[in-house]
Amino acid sequence: MNITPIPCLTDNYSYILEDEVSKIVGVIDPSEAKPIISFLNKKKLKLDYILNTHHHFDHIGGNIDLKKMYNAKVVGFFGDEHRIPGIDITLKDNQKWKFGSSLVNILHIPGHTSGHICFFFEKEQIAFTGDTLFSLGCGRIFEGTHKQMLSSLNKIKKFPKNTKIYCGHEYTYKNAEFCMQYDKNNINLIRKFEDIKKLRSNNLPTVPSNLIDELNTNIFLRCDQNDLKIKLNMENEEDSKVFKKVRDLKDTF
Ligand code: ZN
Ligand code: FE
């Protein structure tokens, strides 16, 4: 599987997927059609599928134009049929869906929106996490509860450790600053922040991240860890209370 991040709008990433075996081509979360079309033109590719993680405008903005131009099929969560433009194929939680020669596991991960899903390519160990898990961060909770968001993140935490994480936005630098504020002695975090600084000063994307890095450095994935609870003066508190505290702190960071 060939994956190319396409920067869109101010800080979004759409991703072009090319299956070398079946020659099937897809795009994840096309914020806008133009940069997708120009990439496909340059590489002389058509488009078979448009995959949406959730219904927000910065993830579906290119759906209709791309669908018209390539006769591509729009794929999204069945509960969001009414708000994913042009939807053709509806998927449910835990459903397996075939993209070319790959098997994709669909996970319902509510919290940011009620119908958010993750596309997990099993054999390739690749996850598209949209606005639920970011590198060193997580999405804002718009349509769910903190408990829901935490259990969605916990689903992602169970993927194989080497899973590559492709998220919806380039928020990594700012997220790293936030993690550093509350977890500054975390050696893994210090190292990752150095890598991020280098990438961003060369205007390079910080995606994909990988799950093991995120488990070690992303403060939102560490809310069950005692060392972090102690740093936050929340020793013996429930994980969901710690998660809510961290999310609230980030909302005003
Ligand atoms: Zn969103
Ligand atoms: Fe977004």
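Assign unit charges at the C-beta atoms only (+1 for Lys and Arg, -1 for Asp and Glu), then state the dipole size of the chain relative to its Cα centre in Debye, rounded to the nearest 20.
Once rounded to the nearest 20, the dipole reads 360 debye.
State, to one decimal in nm, how far the label point of Leu204 lies from the label point of Lys23, with both points 7 Å from Cα in the Cβ direction.
Here the modelled spin labels are 3.3 nm apart.
Taking each pair of different alpha-carbon atoms in the chain once, compute 1/r for the pair, average those values, and report the inverse of that mean as the Kirkwood hydrodynamic radius in Å to one decimal.
18.5 Å
Once you put a point 7 Å from the Cα of Asp239 and another 7 Å from the Cα of Asn216, both along the Cβ direction, what distance in nm separates them?
The modelled label-to-label distance comes out at 2.1 nm.
What FRET efficiency, computed as 1/(1 + (r/R0)^6) with R0 = 41 Å and r the Cβ-Cβ distance, is obtained for Lys73 and Leu232, rounded to the nearest 0.05?
0.35
Just name one of Leu133, Gly115, Ala72: the one whose Cα is farthest towards the positive end of the charge dipole of the chain (beta-carbon charges, Lys/Arg +1, Asp/Glu -1).
So the residue furthest toward the plus end is Ala72.
Can you compute the FRET efficiency between Phe57 and Phe253 using 1/(1 + (r/R0)^6), with r the Cβ-Cβ distance and R0 = 22 Å? Round to the nearest 0.05.
0.40
For the chain, with the dipole built from +1 on Lys and Arg beta-carbon atoms and -1 on Asp and Glu ones, taken about the Cα centre, which of Ser102, Phe159, Cys223 lies farthest toward the positive end?
The one lying farthest along the dipole's positive direction is Ser102.
Using 0.36 nm times the number of residues separating Arg191 and Tyr173, minus their current alpha carbon distance, what extension gain do you get?
Computed gain between Arg191 and Tyr173 is 5.2 nm.
So how do 106-114, 60-68, 83-91 stack up, highest first, on mean other-Cβ count within 10 Å?
Highest to lowest by the protection proxy: 106-114, 60-68, 83-91.
With both partners inside the stretch 2-251, how many of the DSSP beta bridges are antiparallel, as a percent to the nearest 5?
65 percent
What number in nm² do you get for the stretch 33-121 if you take the convex hull of its Cα atoms and divide its surface by four?
About 5.7 nm², averaged over all directions.
Arrange Ser201, Ser135 by Cβ neighbour counts within 10 Å, fewest through most, would you?
Ser201, Ser135
Taking the Cα atoms of the stretch 129-233, what is the range of coordinates along each of the three principal axes, in descending order and whole Å?
38, 30, 27
Which of the lysines could a cross-linker span from Lys198 if the Cα-Cα distance has to be under 25 Å and same-chain partners fewer than 8 positions apart are dropped?
Lys161, Lys164, Lys174, Lys184, Lys250
Once R0 is set to 41 Å, what does the formula 1/(1 + (r/R0)^6) return for the Cβ-Cβ distance between Lys184 and Asn2, expressed as a FRET efficiency to the nearest 0.05?
For R0 = 41 Å, the calculated efficiency reads 0.60.
Any idea how far apart Arg140 and Thr10 come out in nm if each label point goes 7 Å out from Cα toward Cβ?
Distance between the two pseudo-spin positions: 1.2 nm.
Sort 143-149, 39-45 for me by packing, meaning the mean count of neighbouring Cβ atoms within 10 Å per residue, highest on top.
143-149, 39-45
Where does each of Cys223, Cys138 land when they are ranked from fewest to most other beta-carbon atoms within 10 angstrom?
Cys223, Cys138
The numbers here are math on the coordinates, done by the rules we state, and not lab data. Values in this document were obtained by computation on a predicted structure and should not be read as measured data. Because the Cβ atoms are built from the backbone with ideal geometry, glycine has one as well, and the counts that use them run over all protein chains shown.
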